[in-house]
Every structure is written in structure tokens, then in C-alpha cells.
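Since the structure comes first, as C-alpha cells, the remarks are kept for the end.
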Amino acid sequence: MASDWIVPAPSDDWALFLDVDGTLIDIAPTPDSVRVSPGLPQLLDRLCTRFGGSLALISGRPIAVLDELFRPFRFPAAGIHGVERRDVQGRMHYSGLTAEALDPARIELRRFVERHPGLLLEDKGRSLAIHFRQIPHLERQVQAFGQTLLASLPPQIQVQPGHFVIEIKSAAANKRTAIEQFMQEPPFAGRVPVFLGDDVTDRDGFQYVEQEGGHALFVGPSPESGRGWLPNPGAVREWLRSLLQ
């Protein structure tokens with residue numbers, strides 16, 4: 001029920017930062033099987049206009065995949081948890097390691113996935129993710145393998161946990177750094193940051209926008225103390241539509 005939501009009163013000086021999976025769109029069994037609700041790309045485009053161009057997608061997905069999901073629109077975006085970023089002028093920025101630097105990890109991850117049917121390796125180029133949503137009982141084994149692998153990799157690499165996934169990526173960037181970089185550039189600079197997310201990978205972004213006097217909205221089954229809350233992506237989409245009224 002909309003009456004149960006915990007949301008701030010809208011303001012014209014907002015800058016919107018939106019996670020994608022689990023926030024704008026519903027989680028699916030595999031990354032490739034997600035569905036974008038009809039009208040969502042157009043809604044985001046209208047919101048971008050509503051807030052003076054100050055809207056960016058902040059996702060674990062690569063930016064090229066975000067463009068496919070929300071075509072024909074190409075929004076300012078941070079992909080791979082901030083490792084890549086496209087600013088409002090369309091310029092690309094990269095942080096941390098190249099895809100080639102992950103080749104040793106790529107080989108080991110492929111071998112591990114081949115030994116465990118049901119695991120899914122998502123190769124994003126500059127990061128590598130193992131999804132265990134279809135076989136959640138392997139969570140401890142997957143996490144243990146990730147930590148063992150980490151010990152043999154350069155110190156610039158981290159293992160980042162998420163919902164039914166671990167990701168091997170550069171430690172040089174995260175969603176906090178991505179939002180912070182956007183907030184230093186026009187048209188975001190000087191606005192009030194508002195970040196919506198659903199995963200542990202969003203918490204550093206939450207902390208940053210709260211530190212800057214903005215609003216963090218958690219998307220999930222139950223509220224988190226002291227934060228805004230929407231129960232699911234359907235509610236997120238409804239709330240975003242209300243901002244245009």
C-alpha cells in the first residue's frame with residue numbers, strides 16, 4: 001500500500017540516482033531474463049527532464065547492457081559498480097583494472113563454474129560475477145572460493161558480495177565514488193542527491209547521500225531504520241510516476 005511507504009516530499013532540486021536490478025526492474029532467475037516494464041524508459045526520460053537532466057543509473061551491469069535495457073534512451077550512468085561511468089556529456093570514464101588484468105581470475109572462475117552445474121558466470125569485461133541464485137545452498141562454497149581466489153590476485157582486486165552473487169572487481173570504484181563524481185559535475189552539482197537501491201552493494205552510496213544531506217531509499221520487504229523505504233520495484237515505479245504529477 002502506498003500509505004505504508006516511507007518517502008521524502010519531492011523537491012525540484014533533487015538529483016536522482018537509481019539502481020536497476022531489484023530497484024527499477026524485478027529480479028529474474030538470470031541476468032539475461034529480466035524484463036523492463038512497458039513505459040519505464042519513457043518514464044525515466046521524463047524524470048530526467050523534470051529534474052533538469054540530473055538523473056543517472058547506478059548499476060552493477062555494464063553501461064552497454066543498460067543502454068539495451070532502456071533503449072532508445074542513453075542516460076548518464078555508472079556501470080559495474082562505478083568501474084565505468086558515462087557523464088552527462090556522453091564521455092566515458094574508467095577506474096581501476098582493465099579486463100585483461102582479470103584473465104587469471106577468469107580462468108579459475110570458469111573452471112569452478114564448470115564443476116558446479118547451476119552456477120552462472122557473468123563476464124562483464126572489467127569484472128566477473130558468479131551467480132548462485134539457482135543453487136543457493138552453494139553460497140558458502142562460492143564465497144569461500146572467492147576468498148581463496150582473492151589471495152592469489154593483485155591487491156587492487158576485491159570480492160564484492162551481493163544478493164546470490166559474488167563479484168571479482170577493482171577496489172578502485174564503487175557506487176559511492178560514482179555518485180560523488182556525478183555530484184561534482186553539472187547539472188548534478190549543488191542539488192540534493194536521492195539514491196534508490198536494494199542490495200548490500202548500494203550501502204556505500206546510501207551513506208554518501210545521507211552524509212551530503214540527501215535521501216537514501218531502501219527497496220526491500222521491510223524498512224531499514226532511519227531510511228526511506230519502498231517495498232519492491234513496482235512501488236518504486238509507482239512512486240517515480242508520482243513525481244511527475
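In terms of accessible area, using a 1.4 Å probe and ignoring ligands and nucleic acids, His137, His116, His163 rank largest first as His137, His163, His116. Multiplying the residue separation of Ile135 and Val36 by 0.36 nm and removing their Cα-Cα distance gives an extension gain of 33.2 nm. Given R0 = 45 Å, the distance between the Cβ atoms of Ala144 and Gln245 translates into a calculated FRET efficiency of 0.35. With a 1.4 Å probe rolled over the protein heavy atoms of all chains, the accessible area of Tyr94, Tyr208 falls in the order Tyr94, Tyr208, largest first.
Taking amide hydrogens as placed 1.01 Å from N in the peptide plane, the amide H of Gly220 sits under 5 Å from those of Leu230, Asn232, each at least 5 positions away in sequence or on another chain. Relative to the longest principal axis of the Cα atoms of the chain, the long axis of helix 40-50 lies at roughly 50 degrees. Tally Lys and Arg at +1 and Asp and Glu at -1 over the other residues with C-beta under 10 Å from the C-beta of Arg86: what net charge comes out? Value of the local net charge: 0. Accessible surface ranking for Arg140, Arg71, Arg86, 1.4 angstrom probe, highest first: Arg140, Arg71, Arg86.
Rolling a 1.4 Å probe over the protein heavy atoms of the chain, with every protein chain left in place, gives an accessible area that is 51 percent carbon and sulfur.
Considering just Cα atoms, how many Å³ per residue does the convex hull of the chain enclose? Per-residue hull volume (Cα only) is 127 Å³. Accessible area per residue for the range 167-245 is 39 Å², calculated with a 1.4 Å probe on protein heavy atoms, without ligands, DNA or RNA. Over the range 111-245, what is the relative contact order in percent, taking alpha-carbon pairs closer than 8 angstrom and at least six residues apart? Once divided by the residue count of the range 111-245, the mean separation gives 14 percent.
Its DSSP H runs of at least 4 residues, each contributing -39,500 (n - 2.57), put the calculated 222 nm mean residue ellipticity of the chain at -8500 deg cm²/dmol, to the nearest 500.
Probing with 1.4 Å while keeping every protein chain in the model, the per residue accessible area of the range 1-159 equals 49 Å².
The values are calculated or read from the model by the stated rules, or taken from the named source; none is laboratory data. Please read these numbers as outputs of a predicted model, since none were measured by experiment. Here Cβ is always computed from backbone atoms with ideal geometry, including for glycine, and neighbour counts include all displayed protein chains. Side chains are part of the model used for accessible areas, which takes the heavy atoms of the whole protein and leaves out ligands, DNA and RNA. Shrake-Rupley method; radii C 1.70, N 1.55, O 1.52, S 1.80 Å.
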